Amino acid sequence: MTDKQVAEPNVCAEVMYAQTLKKKTKFWIVLSILSLIYVFSHWGVSEEKEKIGKHVAEVTVGHPIESLSENWYKQLQMVAQSDDVEALVLVLDSPGGVVHVAEAGYSLLQRIRKKIPIITIVKSQAASAAYLMACATDVILAQETSLVGSIGVISSVTVVKDLLNKIGVQYTTNGQGKNLSGIPFQGLNDFTKKYLYLEGQDSYTWFKGIVKTGRRFNDQQLARVTEGRIFLGSDALGLGLIDGFGGLAEANYWLQRAKGINSDNSLLFVDYNRYTA
């Protein structure tokens, strides 16, 4: 065996080792960079909060209300846990959404309201589930052209029974009892129709109760704004759905006049999107 034949395996092994080492080094470099980015980004947020001190928090719900993993809910949790927030401005620009998600937001707002005042500002719209959340606050401001209301509950279910029949797919179940999960495949029957109706009525009654309590309505006042009706801000004011017109400037004025907060304009209004965006 020649020296060349002996050397070739060693050269191959060294090349393979070098490639492996290169991959490992690259992995650790990338991991280190990501770790540093994470640490510095969170350190920056923490430092920024410390510098702000006492402030008025601003949380915006600017899209359909669909999940508790959305930024607005995280921001409300931050407000609830903070000792530096003197008041909360809830900015709504949402057509509504999922009832149980709005209920969780409503409950969280109620807890926050026990500590600090909350004022709602409606931009273009606060309907359905969004308006439900507004009812947990002290004051609701809007624009004259804002859409407000839609106090009602809509439930929907997708039925693919006819489609499955056309393509020759059969759906069967075993066991006893009426299974609501089979509605898309079996269609609606008397039982499932009644169940969905009663479920919707329960949610609707609960929603009306929240509006009645939050807006201090009597039965006659409540009847004028329910049944899913939507109103412009100019009409909503006379119906008691909102308390006035305005934005951040008017919210600050209300905090000063009604709550004695920020009377010297020393408190910053802090948009909490900076922490979760």
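The values are calculated or read from the model by the stated rules, or taken from the named source; none is laboratory data. The model shown is predicted, which means the values in this text are computed figures rather than measured ones. Here Cβ is always computed from backbone atoms with ideal geometry, including for glycine, and neighbour counts include all displayed protein chains. Surface areas here come from the heavy atoms of the whole protein model, side chains and all, with no ligands, DNA or RNA. Shrake-Rupley method; radii C 1.70, N 1.55, O 1.52, S 1.80 Å.
Annotations
- You will find that of 205, 172, 158, 226, the residue that is open to solvent by 70 Å² or more (accessible area, probe 1.4 Å), under 21 Å from residue 129 (Cβ atoms) and at pLDDT 60 or above is 205 and no other.
- Just so you know, in segment 231-267 the residues that are among the acidic types (Asp, Glu) and over 27 Å from residue 219 (Cβ atoms) include one that is surrounded by the fewest Cβ atoms within 10 Å (Cβ to Cβ), and it is 264.
Okay, residues lined up against (1) in contact with a strand residue (DSSP E or B) (Cβ under 9 Å, 6 or more places away or on another chain); (2) among the hydrophobic types (A, V, I, L, M, F, W, C):
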{"position": "91", "(1), (2)": "yes, yes"}
{"position": "94", "(1), (2)": "yes, no"}
{"position": "98", "(1), (2)": "yes, yes"}
{"position": "104", "(1), (2)": "no, yes"}
{"position": "113", "(1), (2)": "yes, no"}
{"position": "116", "(1), (2)": "yes, yes"}
{"position": "125", "(1), (2)": "yes, no"}
{"position": "144", "(1), (2)": "yes, no"}
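- Answer residue from segment 86-105, given it is in contact (Cβ under 8 Å) with a residue 24 or more places away in the chain and open to solvent by 10 Å² or more (accessible area, probe 1.4 Å) and is farthest from the chain's Cα centre (by Cα) among those: 86
- Residue within segment 126-138 that is within 16 Å of the chain's Cα centre (by Cα) and of a type in the set (Asp, Glu) present: no
- Checked against (1) in contact with a Ser or Thr (Cβ under 7 Å, 6 or more places away or on another chain); (2) surrounded by fewer than 16 Cβ atoms within 10 Å (Cβ to Cβ); (3) more than 20 Å from residue 234 (Cα to Cα), residue 83 passes all but a single condition, namely (1).
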